[in-house]
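This report refers to the structure that appears directly beneath it.
The values are calculated or read from the model by the stated rules, or taken from the named source; none is laboratory data. Model, not experiment: these values are computed from the prediction. Don't worry about glycine lacking a Cβ; one is built from the backbone with ideal geometry, like all the others, and counts go over all protein chains shown.
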Amino acid sequence: MKTNGLPCILTSFAPTGDSPLRHSVNKAYAEAVAQTDGVLCMLASTPPAAQIPSFLGQFDGLLLPGGSDIEPIQYGQRVTHSVKMCRERDSLERTLLASALKERMPVLAICRGMQLLNVHFGGTLWQDVLKERPDQELNHDCHDQPGRNFIAHEVTINAGTGLRGIIGVPKVRVNSLHHQGINQLGNGLTVSAVAPDGLVEGVEVPDYPFVLGVQWHPEEIISERAPYALFKAFIRASWEYRQANR
């Protein structure tokens with residue numbers, strides 16, 4: 001794929017509103033990738049599963065974005081507090097992720113994307129953080145605030161993790177736009193960041209060059225140093241993958 005030498009990043013679709021006929025991706029993802037010297041391409045429809053590995057081979061990195069809830073059947077539960085779900089998207093993103101992991105392609109998973117990464121590795125989710133953890137008072141769902149860049153709380157970045165190496169500081173302040181979160185950690189994942197109430201805010205796969213998920217939305221606060229550094233590291237890893245595989 002011709003992108004003037006820039007790494008080409010694939011991201012999946014999200015249904016627009018309540019219409020299954022329209023798919024979209026938030027502009028902030030494309031802008032964050034562009035500001036860190038990459039090109040973002042959205043997969044607007046679901047190709048046959050058998051074609052996904054060869055299709056993915058045209059790209060240099062995979063970005064799993066935020067969005068609707070993952071259907072609880074994906075992690076062995078029935079629906080209790082999950083709301084908007086898209087089975088087609090769940091299936092597509094898990095297939096894309098499996099192919100990317102097999103090829104050791106860089107993966108950046110954001111919000112729902114981090115939750116999907118956890119589910120893919122056998123973990124489970126809180127279907128509603130506030131309702132299922134009533135003893136914790138930290139508000140993780142700040143959709144009612146004036147902007148998606150509203151800084152909601154601090155997270156601690158664990159020492160010795162890839163995320164700490166990228167960001168370089170032990171604590172960062174982040175936005176927060178989710179009502180679900182990681183409950184049981186997936187097999188083989190390492191927790192790289194936690195919120196003040198103990199909720200997992202970052203995970204990574206230690207045996208891969210770059211497979212990293214965060215619960216917040218760094219694309220919405222890309223002007224700040226830590227989010228920029230995270231996207232820059234992802235794009236750099238994607239460029240290195242491209243050089244090694246083209």
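Report yes if some residue within segment 231-239 is surrounded by 24 or more Cβ atoms within 10 Å (Cβ to Cβ), among the β-branched types (Val, Ile, Thr), at pLDDT 95 or above and more than 29 Å from residue 145 (Cα to Cα); otherwise report no. Yes, segment 231-239 has at least one match.
The residue that is nearest to the chain's Cα centre (by Cα), among those in segment 107-135 that are under 21 Å from residue 47 (Cβ atoms) and not in a helix (DSSP H, G or I), is 109.
Working only within segment 158-183, note down all residues that are surrounded by 13 or more Cβ atoms within 10 Å (Cβ to Cβ) and part of a loop (DSSP other than H, G, I, E, B). Of everything in segment 158-183, those that are surrounded by 13 or more Cβ atoms within 10 Å (Cβ to Cβ) and part of a loop (DSSP other than H, G, I, E, B) turn out to be 158, 161, 175, 176, 178, 179, 180, 183. Under the condition of being buried (at least 20 other Cβ atoms within 10 Å of the Cβ) and in contact with a Ser or Thr (Cβ under 6 Å, 6 or more places away or on another chain), which residue from segment 114-144 is modelled with the highest pLDDT? Out of the qualifying residues, it is 127.
Residues checked against (1) charged (D, E, K, R); (2) modelled with pLDDT of 95 or more; (3) buried (at least 18 other Cβ atoms within 10 Å of the Cβ):
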site	(1), (2), (3)
2	yes, no, no
5	no, no, no
27	yes, no, no
45	no, no, no
51	no, no, no
55	no, no, no
64	no, yes, yes
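Checked against (1) assigned to a helix (DSSP H, G or I); (2) loosely packed, with under 15 Cβ neighbours inside 10 Å; (3) touching a residue at least 60 places away in the same chain (Cβ under 8 Å), residue 92 passes all but condition (2). Among the conditions (1) of a type outside the set (A, V, I, L, M); (2) in contact (Cβ under 8 Å) with a residue 40 or more places away in the chain; (3) in contact with an Asp or Glu (Cβ under 6 Å, 6 or more places away or on another chain), residue 87 misses just one, which is (2).
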